[in-house]
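Read through the structure below, which is laid out as structure tokens, and then see the notes.
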Amino acid sequence: MYEWEDLRRPRARYIAGVDEAGRGPVAGPLVAAAVILPAYPRIPELNDSKKLSQEARERVFQRILETGIAVGVGIRSARFIDEFGIMAATFSAMKAAVQMLVSQGYKPDLVVVDGYPVPDLRADQEALIKADNKVASVACASVVAKVVRDRMMAEFDRVYPGYGFADHKGYCTKDHVVRLRQKGPCPIHRRSFGPVRSLAPEDEPLNIRRNAMG
């Protein structure tokens, strides 16, 4: 299933897979992860994070931490998303995740990104659609980003009770919309997203500066 990296090992010692979690929700941060794996890693159950149960993701996540050469994470808040736009937040978080690898002493020879190229990454990169189904390190990055974000949302559920963040993780479910209407937005809601903007007080300043990528 995951042979992509093996074909590129002769020219790239450290291949970093990059993916994100949290572009679609109306609340909470966006989290990106970057993972460098050894050649022929043994990670049972590895798959795109969306195809794994929560219990399986947790098992795979722990195995990635035990097996991976290096793991980096980048996080951008709801406020950052509101000010700069979701695409800028995505690219910024991805660059931060890769930079964390470098700070650990592992500068990638090649970065594989799920989706679109990251502007100004300052590293050789290849962007692949559905890379989390083709490249092991990207599948690992998708799991790391998802687990880290889900854990953050569980913490936010305790800080801002009553929204159900631990269950829906900030996605725009029917239950979440009902609670939004009852309580109004909280500090981690993305005011620039339509479902939240329509429920925010009219006199609430949004402080949004959307750029061309947002």
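Taking DSSP loops as anything outside H, G, I, E and B, show the longest stretch in the chain free of trypsin sites (Lys or Arg not before Pro) there with at most 16 other beta carbons within 10 Å. List each step's numbers first, then the result.
Values: sites that count: Arg11, Arg13, Arg23, Arg42, Arg122, Lys130, Arg209, Arg210.
Value returned for the longest uninterrupted segment is 43-121.
Using the basic label-point model (7 angstrom from Cα toward the beta carbon), what is the Asp124 to Ser198 distance in nanometres?
A separation of 4.8 nm, rounded to one decimal place.
Using only C-alpha positions, report the orientation-averaged shadow area of the convex hull of the range 94-209, nm², one decimal. Can you show the working numbers first?
Numbers: hull surface 38.0 nm².
The orientation-averaged projected area of the Cα hull of the range 94-209 comes to 9.5 nm².
Considering only the chain, what is the antiparallel percent among its DSSP beta bridges, to the nearest 5?
So the antiparallel bridges amount to about 65 percent of the total.
Let me have the 222 nm mean residue ellipticity of the chain computed from DSSP H runs of 4+ only, each contributing -39500 (n - 2.57), with the sum over all residues rounded to the nearest 500.
Helix-only estimate at 222 nm: -12000 deg cm²/dmol.
So which GluC sites (Glu not before Pro) in the range 1-91 pass both tests, a DSSP loop state and at most 15 other Cβ atoms within 10 Å of the Cβ?
Passing sites in the range 1-91 are Glu3, Glu45.
Can you give me the Rg/Rh ratio for the chain, using Cα atoms for both radii and the Kirkwood formula for Rh? Can you show the working numbers first?
On the way: Rg = 17.8 Å, Rh = 17.7 Å.
My calculation puts Rg/Rh at 1.00.
None of the figures in this text is laboratory data; all of them are computed from the coordinates on show. This structure is a prediction, so every number in the text was calculated from the model and none was measured. With ideal geometry, Cβ positions are generated from the backbone for all residues, glycine too; neighbour counts draw on all protein chains shown.
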